[in-house]
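To start, the structure under review is shown below, and the notes come after it.
FYI, it's all coordinate maths here, none of it is from the lab. Because the structure is a prediction, the values reported are computed rather than measured. FYI the Cβ positions are ideal-geometry reconstructions off the backbone, even for glycines, and counts take in every protein chain you see.
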Amino acid sequence: MKKVFYILIALMFVSAMPETASAQSDDPYEQHTLKARDNTTKREKKVSRKKREEQQAPAATKTQKTPENNEMTISNPCDEWLDFELVSVVGGKGTQTVKITGRFINHDLNKEIQVGHNLLAYDNDGVEHNGWTYSYSDSFKTITDVPVKFVIEIPGKINPSTTKVLPVVSFDIDECRIEMRNVTINWK
């Protein structure tokens, strides 16, 4: 009789155990939680796919920067929601100023985006040109997937006889840091 009693208690204990995450629950809160855990946005899927592709890429296909390689490069860490294109870099010989014209496309929600904040550039003489203490930024009301053109002027004087290429230029588009290396200046 004791054995039957213990078997019944064991069966009651096993039947009272909570269901696993893979099993369906009748509780609406648990169903919502399970759906939310399995639901990912398109952006999250794109980012995870991109990270997986980068990890799987062989080391030989990654770009190696060498001092002899003077190709211009653009780094955009937010390419899942922001496209950036450099249109032109024009320098004025008489005024010794440089203006950068670019274009960006916001693939995220319609919003106001600030461009040019925290501008930082170095010339060939090693002189730092920064817009941290100046107001060299503009704000644009963007609409999803519509290109926006902007112009940024690098603060300070840049000598046209010694600087044909800017080693680095970086600035913010919204909260995204764009960095360009080996930027050729078209002096006029």
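In table form, for the structure just shown:
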| quantity | calculated |
| --- | --- |
| Amide H contacts of residue 123 (H built 1.01 Å from N, under 5 Å, at least 5 apart or other chain) | 129 |
| For region 103-110, 3J(HN,Hα) per residue [Karplus equation, 6.51 cos²θ - 1.76 cosθ + 1.60, θ = phi - 60°, Hz, x = Gly/Pro] | 9, 9, 10, 8, 8, 8, 5, 4 |
| Protection proxy ranking of 96-103, 115-122 - average other beta-carbon atoms within 10 Å, highest first | 115-122, 96-103 |
